[in-house]
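The values are calculated or read from the model by the stated rules, or taken from the named source; none is laboratory data. Note that the structure is a prediction, hence the values are computed from the model and not measured. Note that each Cβ is placed from the backbone with ideal geometry, even for glycine, and that neighbours are counted across all protein chains shown. With ligands, DNA and RNA removed, areas are computed over all heavy atoms of the protein, side chains included. Shrake-Rupley method; radii C 1.70, N 1.55, O 1.52, S 1.80 Å.
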Amino acid sequence: MRPTIKQQLLARQPKAEISAIPEQRERRFRCQEGLVAEHRDGFYLRYYTDDQEGRRVRVTEKLCDRDTKHHSVDCAAVDLLRASRMAEINAIGHAERIAPVGEQTVGEFWTRTYLPWAKANLRWSSWHGSELRWKQYLEKHIESRSLKKYKTVDGSRFLTSLTPRLNRNSLGHVRSLASGIFTLALNYGLIERNPWHDVKVLAKVRPPKPKVAYTDEETKAILAAVKRTDAKLFFSLCAVLGLRPSEAAAVKWEDFSTDKIQISRAAPYGHAGETKTEQSKRALDLIEPVKSLVAKWREESGKPRTGWLFKRPGGEPVNHNAFARRYIGPLAKKVCPRWCGCYSGRHGAATELYNSTGDVRAANQVLGNSLQVVMANYIKPDAAQGRAGLKLREAALNTATP
């Protein structure tokens, strides 16, 4: 057998020097999935790492305790924790072994680290939205770029190129995702600074369209136009009680008491989970026409006591966008030219609550947002309130002593 090149080189070395040449094998980095083992006190994760002498050793660490949410090796919550922890381990391992000529790309970091981390730590709607924005905008621009060599100027040029297509809010979402990717890489020690920290858009940015808030007259017209009882009830939960459409989709029969409804979950696009914030968990008084519509829909549904109010054939909660687009939107557009979805019903509920009480705390308590968010996003300008205020001022000045 012909000797290898390495054997030929070693043969040319003096014998005294041969023993001084260490045998080195550089292992190729491999992305690990990890193995979850179940024990009495919880679940443990097993994976491989290098010790201080460079030897490959197996590590076992506790992943989580056993509880109602984390109840088996195969449950989704345990698998998400595994994926999140292994994403961190793989990111660190890749950074330690990466060769100068093969620096990790942003696309590799997105696939191996960021997306598993997002799925384990963010709400479904948040990571799903990030995945859509990655595929629609960021992937082509940034996928093959070096994580370490990406510069602020690259991000600025990219965002500026999107200004003809996207308004200010949409650009903000893209910028937030890109910055979040590099922030996670920074915290994993893969880069020294986040190049998106100082990214600016160097062009005039188109403002977003003004948000619509239905008036009480528009709300009543839409309720009268919609035919199905469940569709009427769905819209009234948003436009009368101020629920988010994702919260309305997640309501169960057991959430109702005699005169109240408990909001404790959300189902964005049919995926049931936690509410947007802890403050969003709230109890609301049942008022008309919601109260009568609940009773009517219960009667039509066979008087159920448990389960989703609005469910798909498979038994899961409805996708609120698809439900509204099919059963509410076509009829609502005939009586409300400003129709743009159920969320505008929530905006309308907030505006009317404020107009009727004069106290922003009324909208704050019903919507489940902070006072700052309610004032910035839900209390809409109302010309009628301005006219009424001027009349009051006129009356006060007319009665004042000259």
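Which condition does Lys204 not pass, out of (1) exposed (fewer than 12 other Cβ atoms within 10 Å of the Cβ); (2) in contact with a Pro (Cβ under 7 Å, 6 or more places away or on another chain); (3) not aliphatic (A, V, I, L, M), if it passes all the others?
Only one criterion is unmet by Lys204, namely (2).
Tally time: how many residues in the stretch 74-105 are of a type in the set (Lys, Arg) and at pLDDT 55 or above?
2
In the stretch 299-351, what count of residues is obtained for those that are outside any loop (DSSP other than H, G, I, E, B) and either among the basic types (Lys, Arg) or more than 19 Å from Ser264 (Cα to Cα) (or both)? I'd like the intermediate steps shown before the answer.
Going residue by residue through the stretch 299-351, those that are outside any loop (DSSP other than H, G, I, E, B) are 299-300, 308, 311, 317, 320-327, 329-335, 343-351.
Going one step further and asking which of them are either among the basic types (Lys, Arg) or more than 19 Å from Ser264 (Cα to Cα) (or both), we end up with 299-300, 311, 321-327, 329-335, 344-351.
So the count comes out to 25.
If you go through the stretch 20-58, how many residues are more than 29 Å from the chain's Cα centre (by Cα), among the hydrophobic types (A, V, I, L, M, F, W, C) and modelled with pLDDT under 85?
Residues that pass the stated criteria total 4.
This table checks each residue for (1) open to solvent by 30 Å² or more (accessible area, probe 1.4 Å); (2) farther than 29 Å from Trp339 by Cα.
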residue: Glu108; (1), (2): yes, yes
residue: Glu131; (1), (2): yes, no
residue: Glu143; (1), (2): yes, yes
residue: Arg165; (1), (2): yes, no
residue: Gly180; (1), (2): no, yes
residue: Thr183; (1), (2): yes, yes
residue: Lys209; (1), (2): yes, no
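Which of the residues that make up the stretch 58-72 are open to solvent by 50 Å² or more (accessible area, probe 1.4 Å) and either outside any loop (DSSP other than H, G, I, E, B) or not charged (D, E, K, R) (or both)?
Answer for the stretch 58-72, where residues must be open to solvent by 50 Å² or more (accessible area, probe 1.4 Å) and either outside any loop (DSSP other than H, G, I, E, B) or not charged (D, E, K, R) (or both): Arg58, Thr60, Lys62, Thr68, His71.
Kindly provide the set of residues from the stretch 273-282 that are of a type outside the set (S, T, N, Q), open to solvent by less than 60 Å² (accessible area, probe 1.4 Å) and either part of a loop (DSSP other than H, G, I, E, B) or within 15 Å of Cys238 (Cα to Cα) (or both), ordered by number.
Selection gives Arg282 alone.
Quick one: how many residues across the stretch 148-168 are over 20 Å from Val201 (Cα atoms) and either β-branched (Val, Ile, Thr) or within 24 Å of the chain's Cα centre (by Cα) (or both)?
0
Condition check ((1) surrounded by 13 or more Cβ atoms within 10 Å (Cβ to Cβ); (2) part of a loop (DSSP other than H, G, I, E, B); (3) more than 24 Å from the chain's Cα centre (by Cα)) across all residues:
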site	(1), (2), (3)
Tyr214	yes, yes, yes
Glu217	no, no, yes
Lys220	yes, no, yes
Glu254	no, no, yes
Tyr269	yes, no, no
Ile287	no, yes, yes
